[in-house]
Structures are given as C-alpha cells and as structure tokens.
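A.B. asks: Got a structure for you, written out below as structure tokens; questions coming shortly.
The values are calculated or read from the model by the stated rules, or taken from the named source; none is laboratory data. Here the structure is a predicted model, which is why all the values come from computation and not from measurement. Here the Cβ positions follow ideal geometry from the backbone for every residue, glycine too, while neighbour counts run over all protein chains shown. What goes into the accessible areas is simple: the full protein's heavy atoms, side chains included, and nothing from ligands, DNA or RNA. Shrake-Rupley method; radii C 1.70, N 1.55, O 1.52, S 1.80 Å.
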Amino acid sequence: MRRLIFVSLSIGLLFFSIKILSKNSKTNTSKHSLSYNSTEEKLLNRVDMIKKFISNNPKYNSEIAFLVDMKIMSGKNRFFVYDLKNNIIIDQGLVAHGLGSGTKIQGQLKFSNTPNSFCTSLGKYAIGNSYTGEFGKAYKLYGLEQTNNNAFARNIVLHKYDKVPYKEQEKPICQSLGCPMINADYYKRIEKLIDNSKRKIILDIYY
C-alpha cells in the first residue's frame with residue numbers, strides 16, 4: 001500500500017515539474033519572439049501601407065515592392081525585395097545611406113529633404129526610367145511624400161557602387177551623397193525586376 005502511494009506521488013510530482021518547465025519555456029520563447037520579430041513587424045506595417053497606397057493607383061506594380069529599413073546597421077542586409085502577392089521577402093542586400101545622415105550618436109541617423117544636405121530622405125518613392133550617369137545605369141526616383149518630394153530635384157537616384165560590399169559585415173559600409181546605393185552584383189538582380197516591370201515599382205525607405 002505504501003509503495004502504491006509513493007509511486008502515485010512520484011508520478012504526480014513528475015507531471016507537475018513538466019508543466020512548470022513547459023510554462024517557463026513558453027514564456028521565454030514568447031519574449032524572444034517579440035524581440036526578434038520587432039523588425040519584421042515594422043516591415044509588415046510598411047507593406048500594409050504600400051498595399052493601401054497602390055490599391056487605388058493602377059500605375060504602380062502590385063506584385064513587387066522594395067523596402068529599406070534604415071534602423072538596421074548599414075553592414076547588415078536592409079534592402080528588401082518583397083513579394084506583395086505571397087507576402088514574403090524574396091531577396092535582400094546591403095544599401096548605403098547619405099553621409100549627411102550620420103550623427104555623433106552611434107547607430108542613430110537623421111534625415112532631410114533639403115537640397116545639398118547629402119541626407120537620406122524617408123518615405124515612398126516611385127522608381128522611374130533609367131539613365132546612364134557617373135555610376136553607370138541608374139534609376140530616377142520620384143518622392144511621393146512631403147518628406148522626400150525634392151528627390152528628383154536633388155538628383156537622388158537608385159544606383160550601384162563597387163565599394164558597397166556584397167556580404168554582410170560587422171561594421172558600417174561606405175556612404176552616398178543621399179542616394180540609396182547598392183552592391184553591383186545585387187544591383188543586377190534589382191535591375192532585372194525594374195526593367196521587366198510594366199508598372200512603376202515602389203521603393204519605401206523608413207526608420
């Protein structure tokens with residue numbers, strides 16, 4: 001009888017321990033997921049804004065959009081190609097920001113729409129026609145918001161630069177004069193998407 005009671009108590013304690021461990025594991029996982037997903041949640045919010053914007057604008061591409069999260073350090077992938085139909089990132093790479101956007105606080109940027117500021121401007125852009133300039137083939141950008149509506153006048157364009165690394169690294173990369181500037185090999189893939197699109201692709205730069 002005593003043996004039966006002992007076995008019953010042992011089984012009960014075992015299940016209780018498993019329940020506590022399971023609860024703690026779920027709690028820790030939840031906290032980790034919230035922290036890990038903060039960048040993703042911000043991206044998805046921007047995607048929703050793009051979808052609403054293009055829903056009443058048939059001249060814009062409704063399948064592909066480019067998003068740049070300037071909060072991410074420049075040595076890490078922060079230029080994302082997003083499939084609006086299947087809701088998934090299909091490509092990503094490094095992109096430089098304007099040298100005028102640097103601050104004395106590490107990891108913090110400032111932004112401006114002012115001519116000759118050499119700053120990156122936040123907001124949605126329409127990617128226009130290509131032309132051949134100082135960096136070879138580049139694409140004109142048209143700012144669609146008050147925060148970036150001087151883009152065309154400022155000669156802010158999407159272009160490649162051979163000094164932008166292809167792979168991620170632990171330190172910041174080179175800076176531009178305000179343009180979103182990407183690696184030459186990555187640019188080849190972006191170029192194909194733009195040239196094959198019958199409608200203008202949206203580029204959204206946010207922080």
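A.B. asks: Of all residues in the range 133-157, which are under 18 Å from Lys59 (Cβ atoms) and charged (D, E, K, R)?
C.D. replies: Lys140, Glu145
A.B. asks: Looking at this structure, is Gly107 open to solvent by 10 Å² or more (accessible area, probe 1.4 Å), in a helix (DSSP H, G or I), over 24 Å from Asp195 (Cα atoms) and of a type outside the set (S, T, N, Q)?
C.D. replies: Against the criterion (open to solvent by 10 Å² or more (accessible area, probe 1.4 Å), in a helix (DSSP H, G or I), over 24 Å from Asp195 (Cα atoms) and of a type outside the set (S, T, N, Q)), Gly107 does not qualify.
A.B. asks: Look through the range 148-168, keep the residues that are among the aromatic types (Phe, Trp, Tyr) and within 24 Å of Asp91 (Cβ to Cβ), and return whichever of them is surrounded by the fewest Cβ atoms within 10 Å (Cβ to Cβ).
C.D. replies: Tyr166
A.B. asks: Inspect all residues belonging to the range 59-67 and state whether any of them is open to solvent by less than 30 Å² (accessible area, probe 1.4 Å), among the aliphatic types (A, V, I, L, M) and not in a strand (DSSP E or B).
C.D. replies: Looking through the range 59-67, none of the residues is open to solvent by less than 30 Å² (accessible area, probe 1.4 Å), among the aliphatic types (A, V, I, L, M) and not in a strand (DSSP E or B).
A.B. asks: Let me ask something else about it. Pick from the range 169-202 the residues that are in a helix (DSSP H, G or I) and of a type in the set (A, V, I, L, M, F, W, C): which of them is surrounded by the fewest Cβ atoms within 10 Å (Cβ to Cβ)?
C.D. replies: If we take residues in the range 169-202 being in a helix (DSSP H, G or I) and of a type in the set (A, V, I, L, M, F, W, C), then Ala184 is surrounded by the fewest Cβ atoms within 10 Å (Cβ to Cβ).
A.B. asks: Among the numbered criteria (1) farther than 16 Å from Lys160 by Cα; (2) open to solvent by 30 Å² or more (accessible area, probe 1.4 Å), which single criterion is violated by Gly100?
C.D. replies: Every listed condition holds for Gly100 apart from (2).
This table checks each residue for (1) modelled with pLDDT of 95 or more; (2) among the hydrophobic types (A, V, I, L, M, F, W, C); (3) under 30 Å from Lys198 (Cα atoms); (4) under 19 Å from the mean Cα position of the chain (by Cα).
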| site | (1), (2), (3), (4) |
| --- | --- |
| Ile18 | no, yes, no, no |
| Ser30 | no, no, no, no |
| Leu43 | yes, yes, yes, yes |
| Asp48 | yes, no, yes, yes |
| Glu63 | yes, no, yes, yes |
| Phe80 | yes, yes, yes, yes |
| Leu94 | yes, yes, yes, yes |
| Ser101 | yes, no, no, yes |
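A.B. asks: Does Lys76 count as open to solvent by 10 Å² or more (accessible area, probe 1.4 Å) and free of Cβ contacts under 8 Å to residues at least 24 places away in the same chain?
C.D. replies: In short, no.
A.B. asks: Which residue out of Ile127, Ile90, Ile50 is open to solvent by 80 Å² or more (accessible area, probe 1.4 Å) and among the aliphatic types (A, V, I, L, M)?
C.D. replies: Matching residue, one of Ile127, Ile90, Ile50: Ile90.
A.B. asks: Considering only the range 174-197, how many residues are more than 14 Å from Gly93 (Cβ to Cβ) and free of Cβ contacts under 8 Å to residues at least 60 places away in the same chain?
C.D. replies: Looking only at that region, the number is 1.
Results for (1) farther than 18 Å from Ser74 by Cβ; (2) open to solvent by less than 10 Å² (accessible area, probe 1.4 Å); (3) in a strand (DSSP E or B), shown as yes or no for each residue.
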residue	(1), (2), (3)
Ser121	no, yes, no
Tyr131	yes, no, yes
Lys137	yes, no, yes
Gln146	yes, no, no
